[in-house]
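Nothing in this text is a laboratory measurement; each read-out follows from the coordinates by a stated rule. If you're wondering where the values come from, they're calculated on a predicted model, not measured in any experiment. Here the Cβ positions follow ideal geometry from the backbone for every residue, glycine too, while neighbour counts run over all protein chains shown.
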């Protein structure tokens, strides 16, 4: 699974990787969805279609494999919610015709993105619920998934406050460089990742913002980005 995710997500150290590889992922999502739906259409008639029992079993395993790969890449890239509206029936098809998911873990937390879960439950519980729900990923794969999800949030929201998210992007770059080779370093990485996600959610005003603006989010955005707005005309008071 690691190879598939790296191929479709790219190098986490490259801020442009998620955007550059997006067409590959979208093609994968659509192709797998077509495959699963085609299987669902013929699943009840595989014998009549000429498939032996062994071939039918192999086909079922392939559908399950590609469905799981697709879901893993969506989570790893932070796109799980982005295409949910367009693929709402995918899990229903897989559950009906391949293998049903456990009934547990149903509720509002299940619909949150990884970054939202980190805010709601803390990073360790969020990891257990989202990227590593099957307990099979390495620490490095989990770290890459967290980085990709944070990067996706920055890409999605950066136009709402370019200066703030540029700062968050720099902090993410610092996080990427942190060692996570041993257990202690990995825990420090997770702690810093959680702090970064929560700071993004709070949109801390930063040290350069006047205190009088701290409770006024729209004013903070304007203040943050005044320097980047070109002054083309000036009107002197009469």
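As a length-normalised measure over Cα pairs under 8 Å and 6 or more apart, the relative contact order of segment 107-225 settles at 25 percent.
Each of 176, 42, 73, 146 has some number of other Cβ atoms within 10 Å of its Cβ, and from fewest to most they run 42, 176, 73, 146.
Shape class of segment 11-81 from the alpha-carbon gyration tensor: prolate, with a/c at 1.5 or above and a/b greater than b/c.
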